[in-house]
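J.: Mind looking over this structure? Questions follow.
Values in this text are rule-based calculations from the coordinates and carry no lab data. This structure is a prediction, so every number in the text was calculated from the model and none was measured. Reconstructed Cβ throughout: ideal geometry from the backbone, glycine too, with neighbour counts over all protein chains shown.
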Amino acid sequence: MSTDKKPVPRTTKVLLGIGEAVMVSNTLTTGFFLNSYLLETACLDGVHVAVIQVVQGFFDVINDPVVGTLSDHTRTRWGRRRPWMLLGSMVLPVSYWLLFCESPFSNEDFKLFYYMFCFCGVSFGVTCMNISISALVPELTDDYDERTSLSSYRLAIGNLTAFGSLMVMTKMLSNYSA
């Protein structure tokens, strides 16, 4: 932890905000579009979609504290958080892409497990990124005002970026509606 009173560089604050956008964008996108996609495009039964959402929720309840604990106890030459952010940055896009791809299975039960696995992969990737980014704030400075500034940048940039990406996605999808 930094014990000096030097301000955290603005670029660091902005980059934390961009990292926060990953989590918020995921929450907005899956919240607004995933159920429709699974029901209307992937043609899953409504009960299967509910099962996917519930299992992912329970997975997240376990996933978050486990990744947080592992991140806190990670010791590498790159620090405690970077390896987890790197892992999340690899798992998240692959899982996210697979989640919105057509299932390679025609059997309903296999489709259920395919989409459930992909959604849990997205959850794991987001957790790796977000736990690490959130934990960086108190590790970057001891100064109360700088922590407040860091958190403000992180949340403001993250939410504005996510809102912008949601607007773009909505516009893109409206071009495909009948």
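J.: Give the range of the longest stretch in the chain that excludes all chymotrypsin sites (Phe, Trp or Tyr not before Pro) found in loop regions by DSSP and having at most 13 other beta-carbon atoms within 10 Å.
T.: 1-77
J.: Show me the three semi-axes of the equivalent ellipsoid for the chain, from the C-alpha gyration tensor (sqrt of 5 times each eigenvalue), largest first, rounded to whole Å.
T.: Values: eigenvalues 232, 77, 27 Å².
They are 34, 20, 12 Å, listed from largest to smallest.
J.: Do any trypsin sites (Lys or Arg not before Pro) in region 1-98 lie in a DSSP loop with no more than 16 other beta carbon atoms within 10 Å, and if so, which?
T.: Working: sites: Lys5, Arg10, Lys13, Arg75, Arg77, Arg80, Arg81; in loops: Lys5, Arg75, Arg77, Arg80, Arg81.
When the trypsin sites (Lys or Arg not before Pro) of region 1-98 are filtered for loop state and at most 16 Cβ neighbours within 10 Å, Lys5, Arg75, Arg77 remain.
J.: First select every other residue whose beta carbon is under 10 angstrom from the beta carbon of His48; then total the charges, Lys and Arg +1, Asp and Glu -1.
T.: Neighbourhood net charge equals -2.
J.: Can you tally the net charge around Ile18? Count Lys and Arg as +1, Asp and Glu as -1, for every other residue whose Cβ sits under 14 Å from the Cβ of Ile18.
T.: Net charge around Ile18: +2.
J.: I'd like the distance separating the alpha-carbon centroids of region 1-41 and region 79-119, in whole Å.
T.: After rounding, the separation between the Cα centres reads 18 Å.
J.: Also, I was wondering about something else. What does the charge count around Phe119 come to, taking other residues whose C-beta lies under 14 Å from its C-beta (Lys +1, Arg +1, Asp -1, Glu -1)?
T.: Counting the neighbours of Phe119, the net charge comes to 0.
J.: Tell me, what are the semi-axes, in whole angstrom and largest first, of the equivalent ellipsoid of region 87-172 as set by the roots of 5 times the Cα gyration tensor eigenvalues?
T.: 34, 17, 8
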